[in-house]
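Asker: One structure follows; several queries about it will come next.
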Amino acid sequence: LATQLQSQLRTVLEGLSTVAEAGQVVGHYTWLSQYAADAARPGQPAPRVLTSGITLRDVRFRYAGAERDTLSGIDLDLPAGSTVAIVGANGAGKSTLVKLLTGLYEPTGGQITVDGRPLDELDRAGWTAGLSGVYQDYARLQMRAGETVGVGDVRHIRDTARIRAALDLADATRIITDLPDGLDTRLGAAFGGVEPSLGQWQKLALARSLMRQVGGERRPLCVVLDEPTAALDPLAEHDLFRQYVGQVREATRQGAVTVLVSHRFSTVRMADRIVVLDDGRIAEQGGHAELMAVDGIYAQLYRLQEAAYR
Ligand code: ATP
């Protein structure tokens, strides 16, 4: 696998015209080396589709050197085919929970299982290949517009049909049609190119994360959206999320879990289940109507935000 990845990366790098562009690709794909190293680690094959889902039992996590746990007593079921939103104040532990799900960090206690099998016993490369997502620190890859999306599936970086399909799914087609040279337009002021707005960069990152899905060769097992649309205005986020989740659901049927972290309650309410984190613990969980009826933290935050946008 490592050899295969090396040769794929070499092909991509040879196709780029400047050292700076190559640097961007290498930067974006540093996780590939981790991926290749993990591939050597023996493990049970990761599932190709999820049948039951992901569960967390009494999961605890403490950062190295920290004095207290960032997460504790986390019991959570993420059924296959569902969309789960995680909400909570800054520092509540939302991103940390996402990092545990992706396998970037391992829990300090408790267990995460995927279709009943412990995550830490799975073949890591297989699991990583099934992850798709946009994280808070999405990259602004300053290359040609088509490439910045295409690197999401490095084997198909020049596949215009796939790139257009991913752009469409991310509601980003308009960004490209407005560019002087369409997919060939250089992006990034540093390269003398066009500088997209933050919201446009974010939609392009979303399109990039969808490259592997539009091909249909490898279905995602877990789609992570960690504040993927923070740079968008509330209306744009609402529309995009509705379209995105609808289409991802259709594309993945029952075979994946979508995890969304957002501070926007108009988006969050569309999730099947909402998990409210408070200081590293689950304070409430349930559907929007259920949590409104409970009239706890979620209901309070929801009403506050509703009033703010009125
Ligand atoms: P936000 O809404 O601000 O993104 P969050 O709910 O996603 O916050 P996390 O990023 O998971 O919160 O952080 C939870 C806690 O863990 C915070 O107190 C944070 O300071 C701490 N933390 C996060 N990353 C690290 C790290 N690498 N090392 C030590 N502590 C960390």
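Asker: At a 10 angstrom cut-off on C-beta neighbours, averaged per residue, how do the peptides 195-201, 93-99 rank from highest to lowest?
Answerer: On the way: 195-201: 16.7, 93-99: 21.6.
In decreasing order of mean packing, 195-201, 93-99 become 93-99, 195-201.
Asker: Work out from phi, with θ = phi - 60° and the Karplus expression 6.51 cos²θ - 1.76 cosθ + 1.60, the ³J(HN,Hα) of each residue of the stretch 169-180, listed in order in whole Hz, and give x for Gly and Pro.
Answerer: Whole-Hz 3J(HN,Hα) from phi for the stretch 169-180: 5, 8, 6, 10, 4, 4, 4, 6, 5, 7, 7, x.
Asker: While we're here: Tabulate in residue order the Karplus-calculated ³J(HN,Hα) for the stretch 69-76, using 6.51 cos²θ - 1.76 cosθ + 1.60 with θ = phi - 60°, rounded to whole Hz; enter x for Gly and Pro.
Answerer: With coefficients 6.51, -1.76 and 1.60, one gets 6, 7, 10, 8, x, 7, 10, 8 Hz.
Asker: Amide H of G103 versus every other amide H placed in the peptide plane: which residues, excluding those fewer than 5 positions away on the same chain, fall under 5 Å?
Answerer: It is none; the list stays empty.
Asker: Under a plain spin-label model, where a point goes 7 Å from the Cα along Cα-to-Cβ, how far apart in nm are R57 and R117?
Answerer: 1.7
Asker: Can you order the peptides 52-61, 180-189 by their average number of other Cβ atoms within 10 Å per residue, highest first? Mind showing how you got there, number by number?
Answerer: On the way: 52-61: 18.4, 180-189: 15.8.
With the highest mean Cβ count within 10 Å placed first, the list reads 52-61, 180-189.
Asker: Any chance you could run the full-extension gain for D75 through T108? It's 0.36 nm times the residue separation minus the Cα-Cα distance, nm to one decimal.
Answerer: On the way: separation 33, 0.36 × 33 = 11.88 nm, distance 1.43 nm.
Once the chain is fully extended between D75 and T108, it gains 10.4 nm.
Asker: Would you pull out the residues with amide H under 5 Å of V257's amide H, same chain only if 5 or more places away, H placed 1.01 Å from N?
Answerer: Correct list: G81, C222, V223.
Asker: On full extension of the chain, what length is gained from D168 through L235, given 0.36 nm per residue of separation minus the C-alpha to C-alpha distance? Mind dumping the intermediate values first?
Answerer: Values: separation 67, 0.36 × 67 = 24.12 nm, distance 1.80 nm.
Full extension of this stretch gives 22.3 nm more.
Asker: Going highest first, how would you order 289-295, 265-271, 144-150 by mean Cβ packing within 10 Å?
Answerer: On the way: 289-295: 13.7, 265-271: 20.0, 144-150: 25.4.
With the highest mean Cβ count within 10 Å placed first, the list reads 144-150, 265-271, 289-295.
Asker: To the nearest whole percent, what portion of all C-alpha pairs in the stretch 49-168 is separated by more than 26 angstrom?
Answerer: Within the stretch 49-168, distances greater than 26 Å cover 35 percent of Cα pairs.
Asker: Using label points projected 7 Å from each Cα along Cα→Cβ, tell me how many nm separate A293 and E306, to one decimal.
Answerer: 1.6
Asker: Which far-off residues, 5 or more places away or on another chain, put their amide H under 5 Å from the one on D278, with H placed in the peptide plane?
Answerer: HN-HN under 5 Å from D278: A283.
Read the figures in this text as sums done on the coordinates, not as results from a lab. Given the structure is predicted, the values throughout are model-derived calculations rather than measurements. Note that each Cβ is placed from the backbone with ideal geometry, even for glycine, and that neighbours are counted across all protein chains shown.
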